[in-house]
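Read through the structure below, which is laid out as structure tokens, and then see the notes.
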Amino acid sequence: MEFNAPAGENLFDKAKIVGKSTPRIDGPLKTTGKAPYAYERHDVVAGQVYGYIVGAAIAKGRIVSMDTAAARKAPGVVGVISTLDHAKPLPPGMQNNAPLFGGAQVAHYHQAIACVIAETFEQARSAAALILTRYDRAPGAFDLARAAPDAPLAKGDGGKPDRATLGDFDKAFAAAPVKIDARYHTPDESHAMMEPFATIAAWEGEKLTVWTSNQMIAWAKKSLGTILGIAAENVRVDSPYVGGGFGGKLFIRADAVVAALAAKAVGRPVKIAMQRPLMINNATHRHATIQRVRIGAEQDGRITAIAHENWSGNLGGEDGENGTLQTPKLYAGANRLTANYIATLDLPEGNAMRAPGEASGHLALEVAMDELAEALGMDPIELRIRNEPETVPATPEMRFSSRNLVRCLREGADKFGWSRRSAEPGKMREGNWLIGMGVAAGYRGGPTATSGARVRLTGDGGMVVETDMTDIGTGTYTIIAQTAAETMGLPLEKVRVTLGDSAFPASAGSGGQWGAASSTAGVYAACLNLRRAIGQKLGFNGEDATFENGRIRTGAKSFALADAGTLSAEGEMTFGKFKSDYEVGTYAGHFCEVAVNVYTGETRVRRMLAVCDAGRILNPLSARSQVIGAMVMSVGAALMEDLAVDKRFGFFVNHDLAGYEVPVHADIPHQDVIFLDTTDAIVSPLKAKGVGELGICGPGAAVANAVYNATGIRVREYPLTLDKYLDKLPRYS
Amino acid sequence: MKAFSYERATSPAQAASIVASKPGARFLAGGTNLLDLMKLEIETPSHLVDVQDLKLDRIEKTDQGGLRIGALVSNTALASDETVRRDYGVLTRAIVAGASGQLRNKATTAGNLLQRTRCPYFYDTNQPCNKRKPGSGCAAIDGFSRQLAVVGTSDKCIATYPGDMAVALRVLDATVETVLPDGKVRTIPLADFHRLPGTTPERDNALEQGELITAVTLPAPIGGTHIYYKVRDRASYAFALVSVAAVLRPDGTGRVAFGGVAAKPWRVEAAEAALPQGAKAVADRAFADAKPTPDNAFKIMLAERTLAAVIDQAKG
Ligand SMILES: Cc1cc2nc3c(=O)[nH]c(=O)nc-3n(C[C@H](O)[C@H](O)[C@H](O)COP(=O)(O)OP(=O)(O)OC[C@H]3O[C@@H](n4cnc5c(N)ncnc54)[C@H](O)[C@@H]3O)c2cc1C
Ligand code: SF4
């Protein structure tokens, strides 16, 4: 089914289940430990043995020799595989810049070079330490600040250099009566999800099954085929529960590849979980950025010139972190420039992490707006409202599908008590704490992608939904059940949802904030086909019938859904071209109050509020969880998260959760989330968009702006740890 | 983790003599530090002597009016002891500022004193580290050293002693009681217990191989206002950037020790005498010989400002 025109009035406008706060249907399984994660799937195949990955000890160079003899002889060891078993690297899967295994070259620290397989985890780990590897170290580039000045433009749309202009920025900026020009740094960050990369792999002849933890099942299947050189049809991927991914699990990583190779080598199923240090240096992270923002405005606050340039680095000089992404969309201004540069670095691989691009971009742009407001002597909310565009600023021929940013900011200001903020920084104090308030706008796209599902009547008045869609902790099980229940007129508890198996119809998967909108539309399409099939079977026109309370009414006739017996239908939602006339985005106003200790510079976040405009909210309960989780991550980005780069040895030094600090409960105050009651007919029949990434676009900047409002000290290098401003705090008495 | 053998000791002297006689033998208390280090093969003992049955888990009054804390008293039990809370508040506050509830239930008094550094290079066996592998070099000195020591360092090692409890014990003038492999006992003032790195950073403290801690004793209470202020990058569950343990009297005199700045709790008696002149006077003296790296130079100002906050807090 193609969604090829704006949605008209439909059943979701009168919904009884969709849009209502609904506890997760998978909640009881999770709280009782009955939702097994990949590493815990002891029952899926017999004879599992444990693999332990050895990571390279250097950042760049070549393996001269590897002695695995002692490891092979160690107790319990059933096999050892080495990267040197392969003359050259295995081909990369989707978005793998560095090979995941094979060959003598080392592309980054902790790249997988061997795996020991043993009867127990402890035996495998202990034997792994017996492998002796000699390296020939090569020099590498590990310092973004040094590499940035010579970095070329990244590849943008269609492979063209990623630079866009409108009007004449230089001229307008030079002429602007008020302007700011500032540089911001965001550090490398780790996804730091609780569940590590983990896979159990088993072969049956040519056929491979991986029970794994992955956000994108169809991509995983295809990539495993490519990497292992087997037909994708021979790969089955199963990932019904995912303990967090945040983009780290969009693509196949070494756990799956090495488990598959190891299972083949020892002729038994092999299970591997990546140890935490490897999570950081073997797998991917959010890349550091350097961003320069220049904005010129008239005295009344109207922006006349805006430029946002971004530098990041990555292995192979591809796929950086593009902090400029939101800038063409957010504020008006006739003269514009965005440019995105990418340096080649030999650090571990950078890749997508929750709201790639925008999460970092807002940390620069939304602080720049605060700086501009101050230069203008204007309230930062008023400044943003004054620059609310009519059409998309950088591509004025494009319309917004729906945009209520001004409402987010106004309603948020009201609710948060913005009027109590002192415009002059450093003026609010409670005891030894300096108090400040900050605001930021938030934007993130609301994309959709083809998504399919199968729905089956079980004959007893219930139904089952089958799709390879994943629930990465976001609440997908529940919104899919809500959608199916609503469409088929069943109570929620009559719908069983099964996810994450590549044997099911392919879905959009979980990523880029497209999952909720796309997968529910796919389930809706399948349900409509099922309604037609039921009509055919029972002799009525499925299009006109009413499905309600487990019954079907059509004209004078009425059936129980169970009368249709067992019946199955597949469906897929594709999204038509008409959408490309519109900019479909999600918007938010983010607010934060902080206290900064006048002696020590410690920052405590005291209150946070997000007001979100994301179309119909399918399940306010789980949507709120998504947003507050993202706000927590934003506090981490603003105040503490920082992968420390050793620029000599080329690796992230603080590679465990003791060294890489993420917020703990004591860091997080009460968080409020308000969803505007909007719908967006351009998105899908459900008129809903995602929120999971919107929540991380802006709150970090609101924190930074609040710290400035509290202290009068502007720190442009994230995270805002106290060492960066201690010497500028007021002298204590 | 390397394979190891395991036994449970029945008396302190026996425990000490086993560990002294077997190369590569170590004591095991709560295991919250040692087992982690063994998993990473930073520590590779061949034999573990579990001391949990030694009945060293009591807190008793001493004849001098102080307290004798058994080596196996858990951090939780010590922090929540009524006498400790009343008379040695700085100790309770320091303990609860550390680790997490679960870890404090398991962690012992002796084990806490002996926890090893959190230098990130010490934790990565691919990297040179003189403390882990003598003579291999120090990756931290020109590397990522933000957390590391600013004073009492050497060109071999700039690691900190990361713990909190010992910083409080230092201002309380605690002593460590031990039994030697030959059954003799000795007492070591806490001031002399942890070692500065010098040329032998692999030795964290004054204990000999096989020497078992049996207790930590505190002198009679000294009154005053007891404060422990720990500054870190997040609000809880992190090691100190800088911490201050202080016992302050109403006339502005008192005692102060700093954590997170050296390989031992950093108390300079001559500096502490300047307390009535304020935080700067104390910090200037305590850190006169500091040799920070560019990454951690902020700790000196942070120590001063944290002490200022403590002095302010003591005024009430
Ligand atoms: C995640 C995490 C966070 C932490 N955060 C903090 C913090 O913020 N602040 C803080 O202070 N600490 C912190 N800690 C450290 C914690 O306090 C120590 O791990 C704990 O105190 C060690 O005690 P234990 O009994 O478990 O020692 P063990 O691990 O059993 O032993 C430690 C060492 O002491 C030796 N030993 C044990 N008993 C004796 C004895 N009687 N005589 C001689 N030698 C002995 C052992 O051989 C070993 O070398 C943290 C630990 C973890 C894991
Ligand atoms: S500071 Fe000490 S512990 Fe850290 S790397 Fe250097 S020698 Fe090792």
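The values are calculated or read from the model by the stated rules, or taken from the named source; none is laboratory data. Please read these numbers as outputs of a predicted model, since none were measured by experiment. Note that we place each Cβ from the backbone using ideal geometry, even for glycine, and neighbour counts take in every protein chain shown. Ligands, DNA and RNA are stripped out before the accessible areas are found, and what is left, the full protein with its side chains, is counted by its heavy atoms. Shrake-Rupley method; radii C 1.70, N 1.55, O 1.52, S 1.80 Å.
Cα centroids of region A:671-732 and region A:382-447: how far apart, whole angstrom? Result: 10 Å between the Cα centres. Take each residue of peptide B:117-127, count the partner chain Cβ atoms within 10 Å of its Cβ, and average: the result is 5.
All other residues with a Cβ under 14 Å from the Cβ of A:Asn234 taken together, and with Lys, Arg as +1 and Asp, Glu as -1, what is their net charge?
Numbers: positive: A:Lys207, A:Lys221, A:Lys222, A:Arg236, A:Lys264; negative: A:Glu204, A:Glu206, A:Glu233.
Neighbourhood net charge equals +2.
For A:Thr574, put the label point 7 Å out on the Cα→Cβ axis and report which residues of region A:451-493 keep their amide N under 15 Å from it. Answer for this model: A:451-453.
Rounded to the nearest 20 Debye, what is the dipole magnitude of chain A about its Cα centre when Lys and Arg each give +1 and Asp and Glu each give -1 at the C-beta?
On the way: 77 positive and 79 negative charges, 114 e Å.
Around 540 debye, computed over chain A.
Between the alpha-carbon centres of region B:57-115 and region A:183-220 there is a gap of 43 Å. The residues neighbouring B:Gly152, those whose beta-carbon lies less than 10 Å from its own, together hold a net charge of +2 under the Lys/Arg +1, Asp/Glu -1 convention.
Quick one, could you list the DSSP H helices from chain B stretching 15 Å or more along their long axis (Cα atoms) with average Kyte-Doolittle hydropathy of -1.0 or above?
Details: long enough: B:298-315 (26 Å, 0.51).
Span-like helices here: B:298-315.
Local charge for B:Leu241 was computed over the other residues whose Cβ lies under 10 Å away, with Lys and Arg +1 and Asp and Glu -1, and equals +1.
What FRET efficiency would be calculated for the residue pair A:Ala70, B:Arg86, taking the C-beta separation as r and a Förster radius of 56 Å, to the nearest 0.05? Intermediate values should be presented prior to the final figure.
Values: r = 57 Å, r/R0 = 1.02.
Approximately 0.45, to the nearest 0.05.
Other protein chain C-beta atoms within 10 Å of residue C-beta, averaged over A:596-603: 6.
What accessible area per residue, rounded to a whole number of Å², is obtained for region B:51-102 using a probe radius of 1.4 Å? On a per-residue basis, 50 Å². Quickly work out the A:Asp581-to-A:Lys207 label distance, labels modelled 7 Å from Cα along the C-beta direction, and quote it in nm with one decimal. Modelled inter-label distance: 4.8 nm.
For a quick check of your reading of the filter: which GluC sites (Glu not before Pro) in region A:245-350 sit in a DSSP loop and have no more than 14 other Cβ atoms within 10 Å?
Details: sites: A:Glu298, A:Glu309, A:Glu318, A:Glu321, A:Glu349; in loops: A:Glu298, A:Glu318, A:Glu321, A:Glu349.
Passing sites in region A:245-350 are A:Glu298, A:Glu318.
Residues of region A:39-75 whose accessible area, computed with a 1.4 Å probe over protein heavy atoms, drops by at least 30 Å² once all protein chains are present relative to their chain alone are A:Ala57.
Rounded to the nearest 5, what is the percent of antiparallel bridges among the DSSP beta bridges in region A:294-451?
Values: 7 of 17 bridges.
Around 40 percent antiparallel, to the nearest 5.
Per the Debye formula on identical point scatterers at the alpha carbon atoms of region A:600-674, with no solvent, log10 I(q)/I(0) at q = 0.15, 0.27 Å⁻¹ is -0.65, -1.25.
At 1.4 Å probe size, with the rest of the protein present, what percent of the exposed accessible area of chain A is carbon and sulfur atoms? Before the final figure, lay out each step's value.
Values: 12980 of 25600 Å².
Roughly 51 percent of what the probe reaches on chain A is carbon or sulfur.
What's the long-distance tail for region A:459-581, i.e. % of Cα pairs beyond 24 Å? Before the final figure, lay out the partial values.
On the way: 2156 of 7503 pairs.
Everything past 24 Å amounts to 29 percent.
Computed about the Cα centre, the dipole magnitude for region A:371-449 is approximately 260 debye when only Lys and Arg (+1) and Asp and Glu (-1) carry charge, each at its Cβ. In straight-distance terms, cross-link reach from A:Lys724 covers every one of the lysines whose alpha-carbon lies under 27 Å from its own, apart from those fewer than eight places away in the same chain; here that gives A:Lys179, A:Lys427, A:Lys647, B:Lys230, B:Lys264, B:Lys280, B:Lys291, B:Lys299.
Once divided by 2.2 N^0.38 Å, the Cα radius of gyration of region A:264-390 becomes 1.44. Distance between the C-alpha centres of region A:516-571 and region A:306-334: 46 Å, rounded to the whole angstrom. In this rough spin-label picture, where each label sits 7 Å from Cα along the Cβ direction, the A:Glu388-A:Lys155 distance is 4.0 nm. Computed from protein heavy atoms with a 1.4 Å probe, the total accessible area buried between B and A is close to 3100 Å². Only residues of region B:111-140 count here: report those whose backbone N is under 17 Å from the spot 7 Å along Cα→Cβ of B:Thr44, or say none. Those under the cut-off are B:122-137. Qualifying trypsin sites (Lys or Arg not before Pro) in region A:414-482, where qualification requires a DSSP coil assignment and no more than 14 other C-beta atoms within 10 Å, comprise A:Lys427. Taking all protein chains into account, the per residue accessible area for chain A stands at 35 Å² (1.4 Å probe). Ordering B:Ala288, B:Pro265, B:Pro276 by Cα displacement along the dipole of region B:227-316 toward the positive end leaves B:Pro265 in first place; charges were set at the Cβ atoms of Lys, Arg (+1) and Asp, Glu (-1).
Hey, can you list the residues from region A:644-664 whose accessible area shrinks by 40 Å² or more with all protein chains present, relative to the chain by itself (probe 1.4 Å, no ligands or nucleic acids)? Buried by the other chains: A:Arg648, A:Phe649, A:Val653, A:Glu661, A:Val664.
Partner shielding of B:272-281 amounts to 1, given as the average count of beta-carbon atoms from other chains within 10 Å of each residue beta-carbon. Atom-type composition of the exposed protein surface of region B:268-316 places 53 percent of the accessible area on carbon and sulfur (1.4 angstrom probe).
Per residue, how big is the convex hull around the C-alpha atoms of the protein assembly as shown? Give it to me in cubic angstrom, could you?
Values: hull volume 184.2 nm³, N = 1049.
Given the Cα convex hull of the protein assembly as shown, per-residue volume reads 176 Å³.
Using 0.36 nm per residue of separation minus the Cα-Cα distance, give me the extension gain between A:Val406 and A:Asp85 in nm, one decimal.
Working: separation 321, 0.36 × 321 = 115.56 nm, distance 5.98 nm.
Result: 109.6 nm gained on full extension.
With r as the distance between the Cβ atoms of B:Thr125 and B:Glu208 and R0 = 25 Å, compute the FRET efficiency 1/(1 + (r/R0)^6) and round to 0.05. Before the final figure, lay out each step's value.
On the way: r = 26 Å, r/R0 = 1.05.
E between B:Glu208 and B:Thr125, to the nearest 0.05, is 0.40.
Annotation: for a label point projected 7 angstrom from Cα along Cα→Cβ of A:Lys16, residues of region A:593-631 with backbone N closer than 19 Å are A:618-620. Modelled this way, with points 7 Å down the Cα-to-C-beta line, the labels at A:Ala334 and A:Gln536 are 6.0 nm from one another.
Per Stokes-Einstein, at 20 °C and 1.002 mPa s, what whole-number D in µm² s⁻¹ belongs to region B:175-232, with the Kirkwood radius over Cα pairs as the hydrodynamic radius?
156
Quick check of the Kirkwood formula: for region B:136-258, what is the inverse mean of 1/r over all pairs of different Cα atoms, in Å? The answer is 16.5 Å. Basic side chains Lys and Arg get +1 at the Cβ, acidic Asp and Glu get -1 at the Cβ, and with that the dipole of chain B about its Cα centre reaches some 400 debye. Here chain A carries DSSP beta bridges of which approximately 75% are antiparallel, counting only pairs with both residues inside.
Within region B:1-156, antiparallel bridges make up roughly 40 percent of the DSSP beta bridges whose residues both belong there.
Taking GluC sites (Glu not before Pro) across region B:39-139, the ones in a DSSP loop with at most 15 further Cβ atoms lying within 10 angstrom of their Cβ are B:Glu41.
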